[in-house]
Amino acid sequence: MRFAFADPPYLGCGSLYKEHHEEALAWDNPDMHRALVARLSTEYPDGWVMCLSSPSLRTILPMCPEDCRVGSWVKPFCAFKANVNPAYAWEPVIFRGGRRGDRTRDTVRDWFSKEITLRRGLTGAKPEAFCRWVLDLLGFDRDVDSIDDLFPGTGIMGRVVEGLQSTGYSTLPIFSEATE
């Protein structure tokens, strides 16, 4: 199976990435996200995952096919900002498709809890455990599947997938705090 992971500049947050990506400000336009959803749906029928911000969920979810689901990355520690209450302590994750579960695989939760990363050189960099959860959502099998990271940023998704090559697992063990 061929999957995609998309963690684009979040709607309205392009200015945070303009030094890293020359087209970052274009992502402040909802049409860019609409085109991304169309690309994901067309080019990755086996499955895909897209990250977004909670304020943009109302705008982006209606752009998605009806069979998409929304998961949640809950952040027990996040960047608490003055005069922002309640804090933005979770991020929606839209996902579609993936390998169907069966009794031979553990059930994956549609939510994940892990602190944000700090000092990775890029706002919004994802922790390794988050990438493992994304692969679990898709039912990724390192022996037969591939995943295209459409916005590689720090390159963490690629490093997590490469790390699977050195394990004895065909699929990831389901993430738990014990495996982190």
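Values quoted throughout were computed directly from the atomic coordinates according to the rules given, and no laboratory measurement underlies them. Small disclaimer: the values here were computed from a predicted structure and weren't measured. Cβ placement follows ideal geometry from the backbone for every residue including glycine, while neighbour counts extend to all protein chains displayed.
What order, most packed first, do the peptides 152-158, 101-107 have when packing is the mean number of other Cβ atoms within 10 Å of each residue?
On the way: 152-158: 16.9, 101-107: 9.6.
Result, highest mean Cβ count within 10 Å first: 152-158, 101-107.
Loop-only check: which trypsin sites (Lys or Arg not before Pro) in segment 23-86 are DSSP coil with at most 15 other Cβ within 10 angstrom? Intermediate results must be reported in sequence, preceding the final value.
Values: sites: R34, R39, R58, R69, K81; in loops: K81.
Of the trypsin sites (Lys or Arg not before Pro), the ones in loops of segment 23-86 whose Cβ has at most 15 other Cβ atoms within 10 Å are K81.
In terms of modelled amide H atoms, which long-range or inter-chain residues lie less than 5 Å from the amide H of S113?
So S113 has HN proximity to V74.
Please compute the length gained on full extension between T154 and L25, using 0.36 nm multiplied by the number of residues separating them and subtracting their Cα-Cα distance. List each step's numbers first, then the result.
Values: separation 129, 0.36 × 129 = 46.44 nm, distance 1.90 nm.
Length gained between T154 and L25: 44.5 nm.
Distance in nm between label sites at R2 and V74, each 7 Å beyond Cα in the beta-carbon direction?
If labels sit at R2 and V74, their model points lie 3.7 nm apart.
In a shell of Cβ-Cβ distance under 12 Å around M32, excluding M32 itself, what net charge do Lys and Arg (+1) and Asp and Glu (-1) give? Each step should come with its number before you reach the end.
Values: positive: R34, R39; negative: E23, D28, D31.
Spelling it out: positives minus negatives among the neighbours equals -1.
If I model a spin label at T42 and S113 as a point 7 Å from the Cα along the Cα→Cβ vector, what separation in nanometres do I get?
Here the answer is 4.1 nm between the modelled labels.
As an exercise, use a Förster radius of 22 Å and the Cβ-Cβ distance of A89 and L57 to find the FRET efficiency, rounded to the nearest 0.05. Don't skip to the answer; put the middle values down first.
Numbers: r = 14 Å, r/R0 = 0.65.
It comes to 0.95.
In units of 2.2 N^0.38 Å, what is the alpha-carbon radius of gyration of the chain? Could the numbers behind the result be given before it?
Values: Rg = 16.0 Å, N = 180, 2.2 N^0.38 = 15.8 Å.
That works out to 1.01 for the chain.
Using only C-alpha positions, report the orientation-averaged shadow area of the convex hull of segment 11-96, nm², one decimal. Mind dumping the intermediate values first?
Working: hull surface 26.5 nm².
Mean projected area of the Cα convex hull: 6.6 nm².
Just to confirm the filter: which GluC sites (Glu not before Pro) across segment 39-121 are DSSP coil and have at most 16 other Cβ within 10 angstrom of their Cβ?
Numbers: sites: E43, E66, E115; in loops: E66, E115.
Sites meeting the loop and neighbour criteria: E66, E115.
Give me the percent relative contact order of the chain, please, defined on Cα pairs under 8 angstrom at least 6 residues apart. Please list the in-between numbers first.
Details: 282 pairs, mean separation 43.6, N = 180.
This gives 24 percent for the chain.
In debye, nearest 20, what is the charge dipole magnitude of the chain about its Cα centre with +1 on Lys and Arg Cβ and -1 on Asp and Glu Cβ, if you could check?
Numbers: 21 positive and 25 negative charges, 79 e Å.
The dipole of the chain has a size of about 380 debye.
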